[in-house]
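Down below is the structure, laid out as structure tokens.
What follows is calculated from the coordinates using simple rules that are stated; it is not laboratory data. All values derive from a computational prediction rather than experimental measurement. Cβ sites come from the backbone with ideal geometry, for glycine too, and all protein chains shown count toward neighbours.
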Amino acid sequence: MDLNITVLPGDGIGPEVTAEAVKVICFVAEKFDHQLRIRELAFGGTALDRFGEPLPEATLSACLSSRAVLLGAVGGPKYDKVARGHKPEDGLLALRKALGGYANLRPVKVFDELVGASPLKPETVRGCDFIIVRELLGGLYYGTPRGQEGSAGSPWRAYNTMSYTVDEIERIARVAFDLARKRRRKLTSVDKANVLETSELWRSVVNRVSHDYPQVELEHVLVDSCAMQLIQNPRRFDVILTENLFGDILSDEASVLAGSIGMLSSASIGGKIGLYEPVHGSAPDIVGSGKANPLGAIESAALAFRYSFGLEQEARLVETGISQALARGIRTADLSAGHYAVTSEIGSAVCDAMAGCHEYT
């Protein structure tokens, strides 16, 4: 198969973690005799520094002509004073919209070897395995009108608009129900229906869609209650469906279950081109130190094999490689209080583990 992938290393530790993910992609492509085409382009703050905009036309064009996009991270304190509309994060929002991936999948799995890395009790996190389905192209991040009025010393007002249509809610709900049907058949829809009109609509549409999935158990949970239950009893969840802002916050909270936000991956699907990226940020304070955890980026590569190319065996090989590398004692700095492997060693460790997986041929 032709694997046409655009890589956007981005800012901060982005280049470090994506380099390890690319190492794993190359190994898998060679093992399964796939034709691999990778293009690496500037994006985010790096592109802003070089070209004066976070999403140059050449970068967008390359992304739109590929099958999958692998992203590292964007942003950092250096860009805090950049005008709204030109920040690295604005480039990310524009890229997501251009690619059309409205469904952001964020798996949360606690490996047995990392139970002790979580700040929560082992009996609380052991066996956690759920996925957050976050609506990605609506809500506060894209709603209009938005802006600021006034200035310092006078009445100063800022405003954003949370807006959803029936079609936007229905399409993301169906993604979540389809996933739940293939897993443990339980879906938790998260909203704030006791306060927000958008959540009232959200709940109504999800209820209607549920009639097409009688085999899936549906429950509605308010977002504040969900945040509490993620810490108290996370194993109760299977598929969590929620809107853009809530999904962003809850998935970061869920990272403590896995031991580190560096472990979490994501896939933005639904459009013609999938976008794959670890959940973590650019972490400029550890750039070049070897402390960045690339496992989330490597897992994101596994999701690309699964969702953009339909290569389930290749995806499972990468996931098995990660699991076996951890079983052999490989740890990154965020997962160890003592000796740890530096970032540039992790991709090789996963490749070594994959090489020993003889069931994948």
query = So, in nm, how far is label residue 161 from label residue 231 when the simple model puts each one 7 Å beyond its Cα toward the Cβ?
reply = 3.5
request  = At a Cα cut-off below 19 Å, give the aspartates and glutamates reachable from residue 78, other chains included and same-chain residues fewer than 8 away excluded.
outcome  = 11, 16, 49, 53, 89, 90, 285
ask   = Roughly how many whole Å is it from the C-alpha centroid of segment 67-87 to that of segment 231-274?
value = 21
Calculated on alpha-carbon atoms, Rg and Dmax of segment 1-128 in Å = 17.5, 50
request  = Would you mind checking which residues have amide H under 5 Å from residue 331's amide H? H placed 1.01 Å from N; only 5 or more apart, or other chain.
outcome  = 341
query = In segment 40-107, if every C-alpha pair distance is counted and binned at 5 Å from zero, what percent goes to each bin?
reply = 3, 17, 29, 25, 16, 8, 2
remark   = For percent of Cα pairs over 36 Å apart the list reads [x] 27; [y] 20; [z] 39; the calculated value is entry [y]
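Add -39500 (n - 2.57) for each DSSP H run of 4 or more in the chain, then divide by its residues: what number comes out at 222 nm, to the nearest 500 deg cm²/dmol?
-12500 deg cm²/dmol
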key: Coarse-grained scattering of segment 119-258 at q = 0.08, 0.13, 0.14 Å⁻¹, given as base-10 log I(q)/I(0) from a Debye sum over alpha-carbon atoms   = -0.25, -0.59, -0.67
query = Magnitude of the Cβ-charge dipole of segment 119-258, K/R +1 and D/E -1, about the Cα centre, nearest 20 debye?
reply = 480
remark   = Taking 129-140, 292-303 and ranking on average Cβ neighbours within 10 Å, highest first, one gets 292-303, 129-140
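Once you keep just the Cα pairs under 8 angstrom separated by 6 or more residues, what percentage relative contact order results for the chain?
It comes to 22 percent, rounded to a whole number.
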query = Using θ = phi - 60° and the Karplus form 6.51 cos²θ - 1.76 cosθ + 1.60, what ³J(HN,Hα) does each residue of segment 343-357 get, whole Hz, x for Gly and Pro?
reply = 3, 5, 8, 6, x, 5, 5, 5, 5, 4, 5, 5, 4, x, 8
query = Could you work out Rg/(2.2 N^0.38 Å) for segment 293-361, with Rg from alpha carbons only?
reply = 1.12
ask   = Using modelled backbone amide H atoms (1.01 Å from N, in-plane), which distant-in-sequence or interchain residues come within less than 5 Å of residue 131's amide H?
value = 108, 239, 240
